[in-house]
Amino acid sequence: MNDHLSEPGGKVRLFVEAPLAEAAHVQASEAQAHYLLHVMRARAGDRVSLFNGHDGEWLAQIRDVKKSGCAFGCEQQTRTQVDTPDLWLCFAPIKKTPADYLTQKATELGVSVLQPVITRRTIVSRVNTGRMRANAIEASEQSERLSVPEIREPVLLEKLIAAWPTERQLIFCDEAGQAPPLAQVLRGATSAWAVLTGPEGGFDPTEREMIRSKPFVTPVSLGPRILRADTAGLAAVAVWQALAGDWR
Ligand code: SAH
């Protein structure tokens, strides 16, 4: 057995779609097999951790090693499934590198949904949700999450607000108007929430007015400095986790 795969804390964690249960047999994807066999130099009998977002975490043995693939045999459950806090991050997409970064970091911080939102001043015309999903899976594997955040297809701001599930509170990060500090709004908060941040150039005045007019919206300030879009989203998620999420 390879030492680097068996040492405590050094075990490779992989997300799979298949059900996980005692003696379950799970086929590795091509990319997983390549990573394990050719990058990590794993062999049959080496162990990995698997999770699928439903069945907790499982210790599994690598088996059926062939030139181009391998499978896993589930041995025992090492963690039971726990719910991720119910926090969506709705963000106006920003240029390529920050969107990757935002996906990875928001996943580490523990969001449940990432929703790209197209606003009037959004510069980015195409959002690569496949790439976002790959980033979210990798960050989930590394951060010991038991689930991968859902990556939604981009939606126009007007449509997002029109179809909003009204029992969910929407934290509107609004640097341009009078708004209470986020921590004040979250004091004693329960229920389902979402954070909304704008693009590089901010929301335009009609958008701000439309968002602010909805009963499920709470405008908040993230302090006296203007944050970049990616900083604003991540900062709001961190404060929410500390006051209303699973950092308590
Ligand atoms: N209005 C500015 C900057 C937009 S910053 C401009 O015209 O260039 C991008 C987004 O980050 C904003 O739309 C807002 O959602 C969020 N944001 C940045 N700083 C903030 C702050 N101090 N308080 C609340 N939201 C903030």
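Just so it is clear, none of the values below were taken in a lab; they were calculated from the coordinates. Because the structure is a prediction, the values reported are computed rather than measured. Note that each Cβ is placed from the backbone with ideal geometry, even for glycine, and that neighbours are counted across all protein chains shown.
Just a few scattered comments:
- For the chain, the fraction of alpha-carbon pairs in successive 5 Å shells from zero, as %: 1, 6, 13, 16, 16, 13, 10, 8, 7, 6, 3, 1, 0
- Estimated FRET transfer efficiency when R0 is 41 angstrom, pair residue 190-residue 162 (beta carbons, to 0.05): 0.95
- Pairwise label distance in nanometres, residue 133 with residue 108, each label 7 Å out on the Cα-Cβ vector: 2.4
- For residue 218, the residues whose amide H sits under 5 Å from its own are 170, 171, 172, ignoring neighbours fewer than 5 places away on the same chain, with H placed 1.01 Å from N.
- Given their separation in residues at 0.36 nm each and the Cα-Cα distance between them, residue 41 and residue 59 gain 4.6 nm when the chain is fully extended.
- The calculated FRET efficiency for residue 79 paired with residue 34, based on their beta-carbon distance and R0 = 25 Å, is about 0.40.
- Taking every full run of DSSP H in the chain, the ones that stretch at least 15 Å from end to end by Cα along their long axis and average 0.0 or higher on the Kyte-Doolittle scale are 229-244.
- Note that the stretch 48-59 has calculated 3J(HN,Hα) couplings of 9, 10, 10, 8, 9, x, 10, 10, x, 10, 10, 7 Hz, one per residue in order, obtained from phi through the Karplus relation 6.51 cos²θ - 1.76 cosθ + 1.60 (θ = phi - 60°); glycine and proline are x.
- Overall dimensions of the stretch 111-248 as given by Cα atoms, namely Rg and Dmax in Å: 14.9, 41
- Value of D in µm² per second that Stokes-Einstein yields for the stretch 46-87, Kirkwood Rh from Cα pairs, at 25 °C (0.890 mPa s): 213
- Take each peptide in 165-172, 144-151, 100-107, count the other Cβ atoms within 10 Å of every residue, and average; sorted highest first, the result is 100-107, 144-151, 165-172.
- Distant-in-sequence amide H partners of residue 28 (H built 1.01 Å from N, under 5 Å): 70, 71, 72
- Cα-based shape type of the stretch 3-79, given that a ≥ b ≥ c are square roots of the gyration tensor eigenvalues and the cut on a/c is 1.5: oblate
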